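Shown next, in structure tokens, is the structure this report addresses.
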Amino acid sequence: MIKLIEDYLNAFREELKGSDRATIQDALSDAEDHLSSALDTELSENPDETQNEAARSIIIRYGEPEEVAEHYRNVEKYTTPALSSDKRTRRGLSAFCGIIADPSAWAALLYMILSLATGIVYFTWAVTGFSVSASLIVLIIGVPLAWLFFLSFRAIAFIEGRIVETLLGARMPRRAIFISKGEGWWGSIKGIFSTGSTWSSFIYLILMLPLGILYFTVFITLIAVSLAMIADPIFELILDIPVFDFPAVWWTPIWLMPFVVLGGVVLFLSTLHLAKMTGRLQGKLARTMLVSG
């Protein structure tokens, strides 16, 4: 019989091997949160019980590790991200043009456009928090302040994970990493700074600024150029505005306009394909750096 919560969680982790890493993080977070809270309640209601006796009691009620692990594996089958499915029933020209009706491509494009704003916010907060923490670490208030900042980095990374799952379809944790209440204040501080996911989350927040600039610049440029090419006849024939004016003003011959419009359509569809492909890569990066399971 498993007597301690730590032993239970280790056994639970073993039973979850082979599951999705985000599922493992969610399951362990749920289990530790429930067992720790239940242990506190059990000890307060039955002060004569030892910690091992109380732990044994709540573990029996919670279930054996293999049973709970099987439950999470079953639930995972029905909770896949809405945009994670990639049904490739079309091929060739049909698949290329069909991207216009693919919600995951539009969601990925939205993520790329928003990434500049989120990247600026992430980078600013991460750099500010790290700088303030480093400058005050020698003072008494420095350690708890650094703990709060690094805790906020993990909170922001969790929010980013929800955005990634919603827009890019990558399975991300749906529970924040639990900090054991039984370790006390100093244990919580050590847990934050000694956990690899804390530092990988911090690095991810820093990386999102250059990535956000790159994503925003590339996709806004491609969208602007493709839409300008598609609207070329309207601008030149109706509004009398030249679309191409760099490095010099150049009016499109009427016979060439259909080809320009067609080129704009192809470029726009290619942009959606590029956004979807880039979204997959970004989702993999987020899973690598933000999932601890």
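The values are calculated or read from the model by the stated rules, or taken from the named source; none is laboratory data. Here the structure is a predicted model, which is why all the values come from computation and not from measurement. FYI the Cβ positions are ideal-geometry reconstructions off the backbone, even for glycines, and counts take in every protein chain you see.
Given (1) free of Cβ contacts under 8 Å to residues at least 24 places away in the same chain; (2) part of a helix (DSSP H, G or I); (3) surrounded by fewer than 18 Cβ atoms within 10 Å (Cβ to Cβ), identify the lone condition not met by Ala248.
Checking Ala248 against (1) free of Cβ contacts under 8 Å to residues at least 24 places away in the same chain; (2) part of a helix (DSSP H, G or I); (3) surrounded by fewer than 18 Cβ atoms within 10 Å (Cβ to Cβ), the one that fails is (2).
From the list Leu214, Leu209, which residue is in a helix (DSSP H, G or I), assigned by TED's automatic domain parsing to the domain that holds Gly283 and in contact (Cβ under 8 Å) with a residue 12 or more places away in the chain?
Leu209
Among (1) in a helix (DSSP H, G or I); (2) surrounded by fewer than 14 Cβ atoms within 10 Å (Cβ to Cβ), where does Thr79 come up short?
Failed condition: (1).
When the residues of the stretch 1-32 are filtered to those that are basic (Lys, Arg) and farther than 17 Å from Ala176 by Cβ, which remaining residue is surrounded by the most Cβ atoms within 10 Å (Cβ to Cβ)?
Arg13
Would you check if Phe96 is assigned by TED's automatic domain parsing to the domain that holds Lys276, among the aromatic types (Phe, Trp, Tyr), at pLDDT 90 or above and under 24 Å from Thr217 (Cα atoms)?
Taking the combined requirement at face value, the residue does not satisfy it.
Assess whether Val249 counts as being at pLDDT 85 or above and of a type in the set (Val, Ile, Thr).
Spelling it out, it is not the case that Val249 is at pLDDT 85 or above and of a type in the set (Val, Ile, Thr).
Table: residues versus (1) of a type in the set (Lys, Arg); (2) assigned to a helix (DSSP H, G or I); (3) assigned by TED's automatic domain parsing to the domain that holds Arg280; (4) modelled with pLDDT of 90 or more.
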| residue | (1), (2), (3), (4) |
| --- | --- |
| Leu109 | no, yes, yes, yes |
| Tyr122 | no, yes, yes, yes |
| Pro144 | no, yes, yes, no |
| Arg154 | yes, yes, yes, no |
| Glu160 | no, yes, yes, yes |
| Val164 | no, yes, yes, yes |
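Name the single residue, out of those in the stretch 5-28 being assigned to a helix (DSSP H, G or I) and without any contact (Cβ under 8 Å) to a residue 12 or more places away in the chain, that is nearest to Thr80 (Cα to Cα).
Looking at residues that are assigned to a helix (DSSP H, G or I) and without any contact (Cβ under 8 Å) to a residue 12 or more places away in the chain, I get Asn10.
Taking Val68 and the conditions (1) in contact with a helix residue (DSSP H, G or I) (Cβ under 9 Å, 6 or more places away or on another chain); (2) farther than 24 Å from Leu35 by Cα, which numbered condition does it fall short on, given that it satisfies the others?
Here Val68 clears every test but (2).
I need the full set of residues from the stretch 251-293 which are under 25 Å from the mean Cα position of the chain (by Cα) and assigned to a loop (DSSP other than H, G, I, E, B), in order please.
Val291, Ser292, Gly293
What pairs can you find where one residue is in the stretch 56-67 and under 17 Å from Asn10 (Cβ atoms), the other is of a type in the set (Asp, Glu), and their Cβ atoms are less than 8 Å apart, with a gap of 6+ or different chains?
These pairs meet every condition: Ile58/Glu42; Pro65/Glu14; Pro65/Glu15; Glu66/Glu15.
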